[in-house]
Amino acid sequence: MESEQLTSEPSLARNGNDADAAARATRRYLDLLSDVLLDEHYLENEVRIDHLLECAGTGRAPNPKILADPSRYKPLALRELREARRTGSPAKGTGTLHNLAYATLGRVRLDHLETCLEAIRADGVEGDLVECGSGRAGAAIFMRGFVEAHELAGPRVWAIDRWGGGGTGGADRPTFVADLNAVREGFARFGLLDERVAFAQGALATAVGEVSADAIALLRIDSGDPEDVKAVLDALYDRVRPGGFVVIDGYGEADCRAAVDRFRAEHGVLDPLERVDWSAATWRKTAEPQPVRASNGAVRAARKTATKDLAVIVVTYNMRREASRTLHSLSRSYQRGIDHLDYEVIVVDNGSRPEERLGEEFVRSFGPHFRYIELGADSAPSPAHAINRGIAASDASAVAIMIDGAHVLTPGVLRFGTLALSTYEPAVAVTKQWYLGPGQQPQTVAAGYDKDYEDRLFAQIDWPADGYRLFDVGHFIGNRDWFDGDWESNCIFVPRSLIEQAGGMDESFSVPGGGFVNLDFFERMVGTPGATVVTILGEGSFHQLHGGTTTNEVEPDDLIRSYDDQYEALRGRRFQVPTPRTHFIGGMPDRARRTRPRHMANFRDFKGAHVGARGTRPSRPVPVPQDLKLEFIDAFWRSGEWHNTQWLGRAVHRAPTDLFAYQELVFRLRPDWIVETRTGSGGRALFLASICDLAGEGQVLSIDGNSLATPPEHPRIKYLHGNAAAPQTAAQARDIVGESPNALVILGGGSNVQVLDAFRNYAPFVPVGSYVVVEDTILQGNPVWTDFGPGPAASVQAILKEGDFVPDYSLERFGLTFNTGGYLRRVR
């Protein structure tokens, strides 16, 4: 026998037939998938992480033996963690790490889930697989893996949750809470993210309305909240097919158990309920289902074959003037290179006043491919619902969303947007955003820019004869340029399949204008695993003036903070600008090139659109074109003439227009004290003291670490020698000005750290309504001295994030200033 074994040929042949081999491979795949979803292969790493967190919280150094071999030096913790992963309950002392596993339901319940799926497959029960309260979606990933392993053709997997961001979990214990992008990334890591997976985000009571499945084979509710459980059962139970399963993961909690028992009694559910383990319970439905209830998941419903290439969704609200240009810019007579593009434009009126409504006849006048939906009583303050209605009404394989119908496009947007989708499939294509007018609209409106001026600009460039002349009278929204990243777009192209998977606009963003709803949609689209983000070069969407909720607010800071607050309430974190790798498509028409000669040449258009006929005296103020203003600041700074600015024989080293703004503040505020840092030659202190003389009140405290040999003497000036950023200097200053000094503070330029430290010291002297002026914000390329490094401009951005101060751009109205964005008014 031994010799036979030694001489026998080695064989790689499978035991049994191909069907047996396939079954074994399927079994091994599902076993491996469940092991990984439960993180059972990496429990030692979780023990290591828990040890590091414990050390970080207590200030102790990590034990290298534990890190090297946790199974030997932390055996109890490892056993507890292994048992917790089997039962689905947090291990003692490692509760914050429970969510590191994709599947937190535990081995017992995950095995039971597979038993349900196997029974559904064996009995041929048709319908989708729905999980409500998905968390990191381990159970949903397993369901999609089961469908893939058995090559089932029908079921779609739904994952539904509110999904928040990561919280702190306390001073030394972070929590790990997945957001939607992380969940989608989880599916993608297992190769299971495709059109067979759909997500619905929000409170379960409302998010289940997005489930468009007519038939459900398995409904799993992973929540112990009785209101959630009731809402899900009310919305979806009638769709569960005979032979389908209902699994209630939180049945072990008394309130949840009472809600389930009450639902079963009220609906006459007699199918036996079985306990799965200490927490979960299940029953298999045997009765015929009642008629399917209507679903408001409209954006999911159209899984039919698309008949068009593209649908453009445009929302309008009290903007008939602006919409006429927007719709023309979407017409075949205006857009170029789209002869073979089969597209439709769906215009949704979101409750406009009667005189501002567009009407079917008006919309259809732009072409037979234009359609009109008037929401009427179904309108909402937020445009999210209107967008979703437009998506639901569309019949195309791709969608371009324009949440603000006041944006007019350049002629190549549709061509390059659809080309990007096909070239980089799967892709999300982004159109750059611009303001019309001589600068940033919130500031130009305050300086006199209005609809009449804008109408004259359109006439001046002979629009729409050449749509690319929009670049001559526009500016990037924000401090942007062609190759900067994006966080929002008013004309974003996405595949229909992506919207059906990730959901449309989230209607939980319910504030007027939608708040951050467009940013949230953008972030979800570009955050799709495997999707390519494509920026369209040489094309743009240009925002017309229409009194928008945010874009035309002169001081939108408080409003934007309220939007971020709502975003945090819905998502569990503050909004973060996405940073995907960006590809580019398109070309650069001459007028789109951001070159200095182009900047300088387009000033004639703003002159031509000036109030009154050429050569006449203007009857009202108009803003200085932003590019011209920056060019002049740069030229004046480079000239060095500002070094020769003097006051009563003392050098001030400032732009004279800033001094004029200072005197305006002093006279308006009547501060008890003006605290200035960086005395320099003393000319600024002497100027401020002279203005106090003229106003009849006020004193000046001038602080500098450098001694001045012959400082100007004035009875209203006190000098303090010391580093303005040092706490001890601030304490001395407090002794001089008193506890409630009613101060105006002027901070001389310096590095970011110096300015911020000085701000922390002296901002408490400033009451609500008064100002902190941060000087020399033009440094660091704004627009001068690019190599200066982080300086006053960076300090201003940090200050504004705290929310106590807002910039007052009216003090820059003279055009020349060294303090761009640096006049900060305290609002709280």
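Residues that are open to solvent by less than 10 Å² (accessible area, probe 1.4 Å) and closer than 12 Å to residue 717 by Cβ within the range 660-674 comprise just one, 674.
For the range 731-772, how many residues are part of a helix (DSSP H, G or I) and within 39 Å of the chain's Cα centre (by Cα)? Result for the range 731-772: 14. Just one of the numbered conditions (1) in contact with a strand residue (DSSP E or B) (Cβ under 7 Å, 6 or more places away or on another chain); (2) among the polar types (S, T, N, Q); (3) open to solvent by 20 Å² or more (accessible area, probe 1.4 Å); (4) closer than 18 Å to residue 653 by Cα is not true of residue 732: (4).
Residues that are open to solvent by less than 10 Å² (accessible area, probe 1.4 Å), over 26 Å from residue 454 (Cα atoms) and free of Cβ contacts under 8 Å to residues at least 60 places away in the same chain: does the range 318-341 have at least one? No - not one qualifying residue is present in the range 318-341.
Yes/no matrix, rows are residues, columns are (1) assigned to a loop (DSSP other than H, G, I, E, B); (2) surrounded by 19 or more Cβ atoms within 10 Å (Cβ to Cβ); (3) touching a Ser or Thr at 6+ places or on another chain (Cβ under 9 Å):
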residue: 449; (1), (2), (3): yes, yes, no
residue: 481; (1), (2), (3): yes, no, no
residue: 489; (1), (2), (3): yes, yes, yes
residue: 499; (1), (2), (3): no, yes, no
residue: 518; (1), (2), (3): no, yes, yes
residue: 521; (1), (2), (3): no, yes, no
residue: 524; (1), (2), (3): no, yes, no
residue: 530; (1), (2), (3): yes, no, no
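Taking the range 117-156, which residues are farther than 14 Å from residue 222 by Cβ and either basic (Lys, Arg) or open to solvent by less than 10 Å² (accessible area, probe 1.4 Å) (or both)?
117, 121, 144, 145, 146, 147, 156
Flag: residue 705 does not match the condition of being modelled with pLDDT under 95, closer than 30 Å to residue 632 by Cα and not charged (D, E, K, R). Only one of the numbered conditions (1) closer than 12 Å to residue 540 by Cβ; (2) open to solvent by less than 30 Å² (accessible area, probe 1.4 Å) is violated by residue 477, and that is (2). Taking the conditions (1) in contact with an Asp or Glu (Cβ under 6 Å, 6 or more places away or on another chain); (2) part of a helix (DSSP H, G or I); (3) within 30 Å of residue 196 (Cα to Cα) in turn, residue 472 satisfies each one other than (3). Do we have residue 255 as open to solvent by less than 40 Å² (accessible area, probe 1.4 Å), in a helix (DSSP H, G or I) and either more than 20 Å from residue 120 (Cα to Cα) or in contact with a Pro (Cβ under 8 Å, 6 or more places away or on another chain) (or both) here? The answer is no for residue 255. Among the residues of the range 733-746, are any under 22 Å from residue 656 (Cα atoms) and touching an Asp or Glu at 6+ places or on another chain (Cβ under 7 Å)? Among the residues of the range 733-746, at least one is under 22 Å from residue 656 (Cα atoms) and touching an Asp or Glu at 6+ places or on another chain (Cβ under 7 Å), which makes the answer yes. The set of residues in the range 208-240 being open to solvent by 40 Å² or more (accessible area, probe 1.4 Å), out of contact with any Lys or Arg (no Cβ under 7 Å at 6 or more places or on another chain) and outside any helix (DSSP H, G or I) consists of 222, 225. Within the range 783-815, being assigned to a loop (DSSP other than H, G, I, E, B) and crowded, with 22+ Cβ neighbours inside 10 Å holds for one residue alone: 791. Can you find a residue in the range 345-354 that is exposed (fewer than 15 other Cβ atoms within 10 Å of the Cβ) and over 22 Å from residue 420 (Cα atoms)? Yes, the conditions are met somewhere in the range 345-354.
Highlighted here are the helices (runs of 4 or more DSSP H) found entirely within the range 23-96 that include at least 1 residues which are touching a Gly at 6+ places or on another chain (Cβ under 6 Å) and either surrounded by 15 or more Cβ atoms within 10 Å (Cβ to Cβ) or among the hydrophobic types (A, V, I, L, M, F, W, C) (or both): 75-87. The requirement of being touching an Asp or Glu at 6+ places or on another chain (Cβ under 9 Å) and within 25 Å of residue 729 (Cβ to Cβ) is satisfied by residue 684.
Consider residue 730 carefully, then state whether it is under 18 Å from residue 758 (Cα atoms) and touching a helix residue (DSSP H, G or I) at 6+ places or on another chain (Cβ under 7 Å).
When the stated conditions are applied, residue 730 passes them.
Number of residues in the range 33-72 that are farther than 21 Å from residue 102 by Cα, under 33 Å from the mean Cα position of the chain (by Cα) and charged (D, E, K, R) equals 0. Against the conditions (1) surrounded by fewer than 20 Cβ atoms within 10 Å (Cβ to Cβ); (2) of a type outside the set (Asp, Glu); (3) modelled with pLDDT of 95 or more, residue 401 satisfies every one except (1). Of the set (1) open to solvent by less than 40 Å² (accessible area, probe 1.4 Å); (2) under 14 Å from residue 671 (Cβ atoms); (3) in contact with a helix residue (DSSP H, G or I) (Cβ under 7 Å, 6 or more places away or on another chain), all apply to residue 689 but (3).
The values are calculated or read from the model by the stated rules, or taken from the named source; none is laboratory data. The structure displayed is predicted, hence computed values, not measured ones. Note that each Cβ is placed from the backbone with ideal geometry, even for glycine, and that neighbours are counted across all protein chains shown. When the accessible area is computed, the model is the full protein with side chains, heavy atoms only, and any ligands, DNA or RNA have been set aside. Shrake-Rupley method; radii C 1.70, N 1.55, O 1.52, S 1.80 Å.
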